[in-house]
Amino acid sequence: MKFNKTRNKVLGAIFIFLIVVAFFFAPTGYYLEVPGTAEDTSQFVKVNGKQDKKKGNLLLTTVGIVSGTPFTLLKSLGNNFETIYSQQELMGDENTQDYFKVQQYYMQSAQNNAIQAAYSKADKPFTKKYLGVYVMDVMNNSDFKKKLAIGDTITSINGYHFNNADQFIKYVKKQDKHSTVKISFLRDGKKKSASGKLVKLADTKRFGLGITLTDNTEAKGNPPTKINAGSIGGPSAGLMFTLQVYSQIANKDLKAGRTIAGTGTIAPDGTVGPIGGIEKKVYAASEEGATIFFAPDDPVTKEIKKYEPGYVNNYHLALRAAKKIHTKMKIVPVKNLNDAINYLEKTKQSK
């Protein structure tokens with residue numbers, strides 16, 4: 001009897017221990033979007049092989065994505081700066097690896113756009129090289145499902161090289177629907193090839209490879225600029241990278257000793273676009289001591305209101321976040337690159 005009691009106590013203790021471990025560490029299939037970091041862009045950018053040494057900071061801001069445990073999910077309830085997402089809401093049908101590959105592509109695209117926008121603004125020469133078609137997704141019914149992967153860059157089809165995604169699509173359209181095609185592609189810098197049949201594309205009468213694609217390009221300027229953001233992904237650092245590159249190639253001291261943060265996508269023509277998680281980025285910037293925060297002032301059109309009546313644009317979400325954390329950081333609305341540069345030039349003397 002004594003043995004049974006001891007055994008039950010041991011088993012009970014083990015059971016409680018496992019419950020506690022599961023509560024703090026077990027994955028749930030949900031994720032938390034939390035405030036990330038505010039990083040000085042000068043550490044990622046080199047112009048003519050040199051980093052910017054001027055006083056002050058131009059900070060890109062990030063959000064963090066962490067796997068939710070029962071403990072962290074419970075702790076996040078009621079927190080204005082932590083948002084719970086299911087894997088489907090966050091990543092769609094992609095697995096974690098593919099999701100982060102796509103985020104890396106978005107970052108690379110943001111860097112290319114930043115170079116184009118900055119060099120155009122500074123009236124400096126640059127070239128745009130077309131690398132091929134970047135694979136964003138491979139459909140389940142595609143004959144290339146096991147042959148292509150997200151992140152591959154298709155460089156030719158049947159030996160035909162193209163100058164943009166539209167040319168690629170038009171060439172595929174001309175092929176007989178029963179034909180087999182051979183593609184050449186790059187994966188992690190290595191040349192590969194594969195052959196496969198065309199398949200019927202969903203919701204159309206057309207046949208194709210069964211992939212989602214976009215242009216993969218590389219922008220180079222004179223003087224040369226290199227941007228290496230490491231493991232940071234997504235398109236939202238576009239504006240801040242553009243300001244950093246522009247300040248160096250145009251030899252403009254936009255910082256003037258200040259700590260300036262912000263977020264927003266950038267188009268080659270300098271248009272600033274909205275991003276997700278701006279509340280968390282305001283929080284991260286404030287924690288890092290920023291005094292200025294650039295927020296995309298994206299237009300709220302009738303079309304947006306029709307499909308999302310409660311839509312609030314990035315600038316107003318940033319204002320709300322700043323009010324909640326009682327920061328003295330100035331939230332500045334920007335629609336394009338000129339808005340940000342003009343504001344920094346105008347406020348230099350009043351810092």
Condition test on Thr259, is it open to solvent by less than 20 Å² (accessible area, probe 1.4 Å), in contact with a strand residue (DSSP E or B) (Cβ under 6 Å, 6 or more places away or on another chain) and not small (Gly, Ala, Ser)? no
For Lys129, state whether it is assigned to a strand (DSSP E or B), at pLDDT 90 or above and more than 13 Å from the chain's Cα centre (by Cα). yes
Give the residues of region 21-36 that are within 30 Å of Lys255 (Cβ to Cβ) and in contact with a Leu (Cβ under 9 Å, 6 or more places away or on another chain), sorted by residue number. Glu33
Look through Tyr171, Tyr119 and report the one residue that is within 23 Å of the chain's Cα centre (by Cα) and assigned to a helix (DSSP H, G or I). Tyr119
Over region 185-207, the set of residues open to solvent by 90 Å² or more (accessible area, probe 1.4 Å), within 23 Å of Asp98 (Cβ to Cβ) and over 26 Å from the mean Cα position of the chain (by Cα) is Lys191, Asp203
Could you tell me which residue of region 308-336 is farthest from Lys346 (Cα to Cα), considering only residues that are more than 24 Å from the chain's Cα centre (by Cα) and surrounded by fewer than 17 Cβ atoms within 10 Å (Cβ to Cβ)? Pro309
Any idea which residue in region 174-187 is farthest from Asn216 (Cα to Cα), counting only those that are free of Cβ contacts under 8 Å to residues at least 24 places away in the same chain and in a loop (DSSP other than H, G, I, E, B)? His178
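Being part of a loop (DSSP other than H, G, I, E, B), modelled with pLDDT of 90 or more and either open to solvent by 50 Å² or more (accessible area, probe 1.4 Å) or out of contact with any Lys or Arg (no Cβ under 9 Å at 6 or more places or on another chain) (or both) narrows it down to one residue among Asp166, Asp143; which is it?
Asp143
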Keeping to region 89-126, report how many residues are more than 30 Å from Asn338 (Cα to Cα) and of a type in the set (Ser, Thr, Tyr). 2
Being open to solvent by less than 30 Å² (accessible area, probe 1.4 Å) and farther than 30 Å from Gln244 by Cβ narrows Ile157, Ile150, Ile115 down to just Ile157
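For residues in region 73-116 being of a type in the set (Ser, Thr, Tyr) and under 14 Å from the mean Cα position of the chain (by Cα), which is farthest from Met136 (Cα to Cα)? Can you show your working first?
If we filter region 73-116 for residues that are of a type in the set (Ser, Thr, Tyr), which is where we start, we get 76, 83, 85-86, 96, 99, 105-106, 109.
The next check asks that each one be under 14 Å from the mean Cα position of the chain (by Cα); those that pass are 99, 105-106, 109.
Working: Tyr99: 10, Tyr105: 9, Tyr106: 10, Ser109: 13 Å.
Applying the filter and picking the extreme gives Ser109.
Quick grid of which residues meet (1) in a strand (DSSP E or B); (2) of a type outside the set (Ser, Thr, Tyr); (3) touching a residue at least 24 places away in the same chain (Cβ under 8 Å):
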| site | (1), (2), (3) |
| --- | --- |
| Ser156 | yes, no, yes |
| Gly196 | yes, yes, yes |
| Asn216 | yes, yes, yes |
| Ala219 | yes, yes, yes |
| Gly234 | no, yes, yes |
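The values are calculated or read from the model by the stated rules, or taken from the named source; none is laboratory data. Remember, predicted model here, so these are calculated numbers, not experimental data. As a convention, Cβ positions derive from the backbone with ideal geometry for all residues, glycine included, and neighbour counts pool all protein chains shown. With ligands, DNA and RNA removed, areas are computed over all heavy atoms of the protein, side chains included. Shrake-Rupley method; radii C 1.70, N 1.55, O 1.52, S 1.80 Å.
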